[in-house]
1. Determine whether Thr56 is β-branched (Val, Ile, Thr) and surrounded by fewer than 17 Cβ atoms within 10 Å (Cβ to Cβ).
2. Return the residue satisfying two criteria in turn: it lies in the range 62-105 and is at pLDDT 95 or above and touching an Asp or Glu at 6+ places or on another chain (Cβ under 6 Å), and of such residues it is surrounded by the most Cβ atoms within 10 Å (Cβ to Cβ).
3. Return the residues of the range 2-37 that are exposed (fewer than 14 other Cβ atoms within 10 Å of the Cβ), over 15 Å from the mean Cα position of the chain (by Cα) and closer than 17 Å to Glu142 by Cα; say none if nothing qualifies.
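The values are calculated or read from the model by the stated rules, or taken from the named source; none is laboratory data. None of these values were measured; they are calculated from a predicted model. Don't worry about glycine lacking a Cβ; one is built from the backbone with ideal geometry, like all the others, and counts go over all protein chains shown.
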Amino acid sequence: MTETVVLRRAVAADARAAADVYLRSFDAALPTVVRPHTDDEVRDYIRDVVVPLRETWVAEAAGAGVVGLMVLDGESLSQLYLDPRWRGRGIGDRFMALAKGRGPQGLSLWTFQVNKPAHRFYERHGFVAAEYTDGSGNEEREPDVRYVWRP
């Protein structure tokens, strides 16, 4: 059975569920990366900044609620997280198509160097690694990589 998943703009009522998706996804995908903020600080930031001030999208599954989060900020794909139980169902591909449609001139994003599954995902979608850092410029102090996509 295929679940119905709708991509839509986030509203204020989605903030808690979107934050929880972020937290579950981060913990599952990046167990060695230290999060610099508490769960409550993450929830407050998503509620007070991300949802009201950024182009925030959620994936909502029938019967399961919010299972994915994508945030665009100009040409930056600043966040893309899926609930770990919902990976491998094409939701990330749908988010990527949406992001490219919203950013037809190109997109860039940062991901951690340790996140090899993310590298494979972005490279499969035409992104190219453009810059590597030692992590001194991010809150986690974790080496990262900037990817760019140009149509």
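1. On the way: β-branched (Val, Ile, Thr): yes; surrounded by fewer than 17 Cβ atoms within 10 Å (Cβ to Cβ): no.
No: the conditions fail for Thr56.
2. Of everything passing the filter in the range 62-105, Val67 is surrounded by the most Cβ atoms within 10 Å (Cβ to Cβ).
3. Selection gives Pro31, Thr32, Val34, Pro36, His37.
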